[in-house]
Amino acid sequence: MTGIDDDDVPWADPAIRTDYEAALGRFILAFNEVDYYLSQIIAWELGERKSQHLRSSLTAGPFAARLDTLEALSTTSRLGGVATLPMSRLRSLNADRNRLAHGHFDQNPFDGSYNVVLAAKAHEYPIKRISALANELATIAEKFRQAYLAHHFDDPDEVGTE
């Protein structure tokens, strides 16, 4: 016995990790919702163009590639909601998603500070930032949901004629 009493060593509050997990979960759920609607809108747009044969290749694969597809389709979409979706911002959020989903939560057990480490590079993602990103994604997901619903309930021939 070395005489060191581990009870006197200051340990980080376990709530830090729990709060991180909750924020990360909200972020991933919001991102997944955007991801889902991204493929759904692409599939609908392709169907409208009588290009169903492209669905399997253009609704699968990396998020960034599907975002490029939607952006190209949005330039001639008959429903304006697609063109207003924040494509460039989603590219940035996708980079955040990759770091957060694949990064290691490396926490200092004494002071509670942490970094998200991916490929030996540390990134700072305070819980407040992750929560803000999750909120932003939830807002974007709502825009995607509205664009998706517009495809199913609006008459494209009447859009913009009111």
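The values are calculated or read from the model by the stated rules, or taken from the named source; none is laboratory data. Bear in mind that the values here come from a model prediction, so they are computed numbers and not experimental data. With ideal geometry, Cβ positions are generated from the backbone for all residues, glycine too; neighbour counts draw on all protein chains shown. Ligands, DNA and RNA are stripped out before the accessible areas are found, and what is left, the full protein with its side chains, is counted by its heavy atoms. Shrake-Rupley method; radii C 1.70, N 1.55, O 1.52, S 1.80 Å.
Assorted remarks:
- Segment 10-162, accessible surface, carbon-and-sulfur percent (1.4 angstrom probe): 54 percent
- Relative contact order (percent, whole number), segment 1-136, Cα cutoff 8 Å, 6+ residue spacing: 31 percent
- Segment 66-158 - accessible surface per residue (Å², probe 1.4 Å): 53 Å²
- C-alpha center-to-center spacing [segment 22-50, segment 91-141] in angstrom: 21 Å
- Remark on the chain: ratio of C-alpha radius of gyration to 2.2 N^0.38 Å is 1.40.
- DSSP loop chymotrypsin sites (Phe, Trp or Tyr not before Pro) with at most 12 other Cβ within 10 Å excluded, longest remaining stretch of the chain: 12-109
- Note that segment 56-137 carries a Kirkwood radius of 14.9 Å, evaluated over its alpha carbons pair by pair.
- Using a probe of 1.4 Å on the protein chains alone, the accessible area found for Leu58 is around 50 Å².
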